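Peer 1: This is the structure, below, for whatever I ask next.
The values are calculated or read from the model by the stated rules, or taken from the named source; none is laboratory data. Quick caveat, the model's predicted, so the values are computed rather than measured. Here the Cβ is made from the backbone with ideal geometry for all residues, glycine too, and neighbour counts use every protein chain on show. SASA here: full protein model, heavy atoms, side chains in, ligands and nucleic acids out. Shrake-Rupley method; radii C 1.70, N 1.55, O 1.52, S 1.80 Å.
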Amino acid sequence: MERPDKINYYLDIAQTVSRRSTCLRKQYGAIIVKNDIIVSTGYNGAPRGRKNCSDLQYCMRNELGIPRGERYELCRSVHAESNAIIAADRDKMLDSTLYMACMDPVTGDIVPGTCSCMMCKRLVINAGIREVIVRESETDYTVFRVEDWIRDDDSLSGKFGY
C-alpha cells in the first residue's frame with residue numbers, strides 16, 4: 001500500500017467530512033490546517049436547528065433550475081468553508097491552508113472544477129487563510145493562492161470564478 005502525500009492525506013479527510021453534508025446538489029467538505037494541525041472542519045448543510053434538505057427531500061434551487069453560483073440566498077445551506085471558518089479561532093487560521101473536496105451525492109463521484117463562491121472567498125480572505133487546495137480527482141488537485149483572489153478582485157470584473 002502506497003502512503004499518500006500530505007496534500008492528498010488532508011484532501012482525503014476533507015472528502016470524508018463531505019459525507020456529513022446534507023445538501024442534495026453537491027456535498028462539500030472543508031478542513032483548515034496550520035502547521036500540520038487540523039484547526040477545524042466544515043461541511044455544507046442547514047444552520048443548526050433548521051431542517052436539512054436531505055431531511056425535507058427538497059431543494060429550492062433544484063426545483064427552480066437555478067445554476068451553480070447563482071441565487072445563494074435561496075439555499076438552506078451554510079457552505080463548508082464558512083462552517084470551517086466559523087468553528088475556528090482567527091489566530092489559528094492566519095497563514096493556514098483550507099482543503100476542500102466536492103462529491104456528487106447521487107453517484108458518490110468526486111466533482112472536479114469547483115472552487116469557493118464569491119461569498120466564501122470573502123470569508124477566506126478575511127480569515128487570513130493563505131491558500132485553498134481543491135480536490136480534482138483521487139490524486140489531482142488545484143491550488144488557489146488567496147493573494148490572487150485579493151489582487152484579481154472578481155467582484156469588480158464580472159468574472160466570478162465558479
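Peer 1: Before we move on, is ASN83 under 10 Å from the mean Cα position of the chain (by Cα) and within 29 Å of THR139 (Cα to Cα)?
Peer 2: yes
Matching residues to (1) open to solvent by 20 Å² or more (accessible area, probe 1.4 Å); (2) hydrophobic (A, V, I, L, M, F, W, C); (3) under 15 Å from GLN27 (Cα atoms):
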{"site": "GLN57", "(1), (2), (3)": "yes, no, yes"}
{"site": "ASN62", "(1), (2), (3)": "yes, no, yes"}
{"site": "GLY65", "(1), (2), (3)": "yes, no, no"}
{"site": "ARG71", "(1), (2), (3)": "yes, no, no"}
{"site": "SER82", "(1), (2), (3)": "no, no, yes"}
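Peer 1: Within the group VAL17, VAL33, which residue is of a type outside the set (Phe, Trp, Tyr), farther than 21 Å from ILE125 by Cβ and touching a strand residue (DSSP E or B) at 6+ places or on another chain (Cβ under 7 Å)?
Peer 2: Criteria check complete, one pass: VAL17.
Peer 1: Counting just the residues of region 129-140 that are open to solvent by 80 Å² or more (accessible area, probe 1.4 Å) and in contact with a strand residue (DSSP E or B) (Cβ under 8 Å, 6 or more places away or on another chain), which one comes out farthest from LEU94 (Cα to Cα)?
Peer 2: GLU138
Peer 1: Here's another thing I want to ask about it. Which pairs do you get when a residue that is over 13 Å from VAL78 (Cα atoms), found in region 48-61, comes within reach of a residue that is loosely packed, with under 12 Cβ neighbours inside 10 Å, reach meaning Cβ atoms under 8 angstrom, with the pair 6+ apart or on two chains?
Peer 2: ARG61/ARG71
Peer 1: For region 37-66, give me each residue that is charged (D, E, K, R) and out of contact with any helix residue (DSSP H, G or I) (no Cβ under 8 Å at 6 or more places or on another chain). First the steps, then the outcome.
Peer 2: Of the residues in region 37-66, the ones charged (D, E, K, R) are 48, 50-51, 55, 61, 63.
ARG48, ARG50, LYS51, ASP55, GLU63, listed by residue number.
Peer 1: Residues in region 110-128: is at least one surrounded by 13 or more Cβ atoms within 10 Å (Cβ to Cβ), of a type in the set (A, V, I, L, M) and closer than 14 Å to SER18 by Cβ?
Peer 2: Yes, region 110-128 has at least one match.
Peer 1: Looking at region 1-27 only, could you name the residues that are part of a loop (DSSP other than H, G, I, E, B) and touching a Pro at 6+ places or on another chain (Cβ under 9 Å)?
Peer 2: If the condition is that a residue be part of a loop (DSSP other than H, G, I, E, B) and touching a Pro at 6+ places or on another chain (Cβ under 9 Å), then SER21, CYS23, LEU24, ARG25, LYS26 are the ones that fit.
Peer 1: Report every pair of residues separated by at least 6 positions or lying on different chains whose Cβ atoms are under 8 Å apart, first residue within region 5-23 and closer than 16 Å to GLU138 by Cβ and surrounded by 15 or more Cβ atoms within 10 Å (Cβ to Cβ), second among the basic types (Lys, Arg) and modelled with pLDDT of 95 or more.
Peer 2: Cβ pairs passing all conditions: LEU11/ARG135; ALA14/ARG135; GLN15/ARG135.
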